[in-house]
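Report on the following structure.
Here, each number is a calculation from the coordinates, and none is a lab measurement. Note that the coordinates shown come from a computational prediction; the quantities given were computed from them, not determined experimentally. Backbone-built Cβ (ideal geometry, glycine too); neighbour counts: all protein chains shown.
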């Protein structure tokens, strides 16, 4: 409760959390207040009007409907990718940092192999092997390729904690490695892991938008995400024809999401990190 009160005193946290909650509420309750219709309803690239607030896309579909559906899809991909990447990175980093020795060397080599090759390149290579890609598959691909920096950060935290007195006492009492990791180390770095998760969600949203922009995002008639909206705008001349409503709204939504998560993470770091508090 004390940490929560400190967070609520941070303007960055309040602004970031408010903005993020607004996007979530729009994704969840938007269809209740706005008639979602992603079928063709008019002339392609028709400008905004009283009936269609943001105009129509290249297929003649309502942009507001697409944005609400796309926002929910991008959040879904970001959260799933964040959970996968954070879980893998935490497990590898915890075990490697605590055990040290040969186990740590092997896990470090594995992590470095993924670090050497840029994640975006791996994303492209893996995505091209699938002809059909659902939102869940795209999220898993992103999650399984984005865990490396999480593992390195958690490893450093675990390695610093393993020499603490309470860890030595637990080992003297006969606690096995699993119990030491879960009971005596993980709670101490839980705030750091949560901040990693927030950054992974943000990274997942941006990664989905990036691979969708080059045509490797979700496929299928119902595959609508913010990245797919931008890809359609690029493919069908929305950018070259200066149809601002084809790309500006989706770009603003992505920017707002990532900015909100950045504010939340920065404010949490200021509260959880004693050095920054000083």
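Fewest-first ordering of 120, 197 by other beta carbons within 10 Å of each residue's beta carbon gives 120, 197. Helix 226-235 and the longest principal axis of the Cα set of the chain meet at an angle near 50°. Counting every other Cβ atom within 10 Å of each residue's Cβ, 87, 129 order from fewest to most as 129, 87. Seen against the Cα atoms of the chain and their longest principal axis, helix 135-145 is set at about 40 degrees. Taking the number of Cβ atoms within 10 Å of each Cβ as an exposure proxy, the fewest-first ranking of 232, 39 is 39, 232.
Relative to the longest principal axis of the Cα atoms of the chain, the long axis of helix 11-33 lies at roughly 50 degrees. Dividing the helix sum by the residues of the chain, where each DSSP H run of 4 or more adds -39500 (n - 2.57), gives a mean residue ellipticity at 222 nm of -22500 deg cm²/dmol. Across the chain, C-alpha contacts under 8 Å between residues 6 or more apart give a mean separation that, scaled by the residue count, equals a relative contact order of 27 percent.
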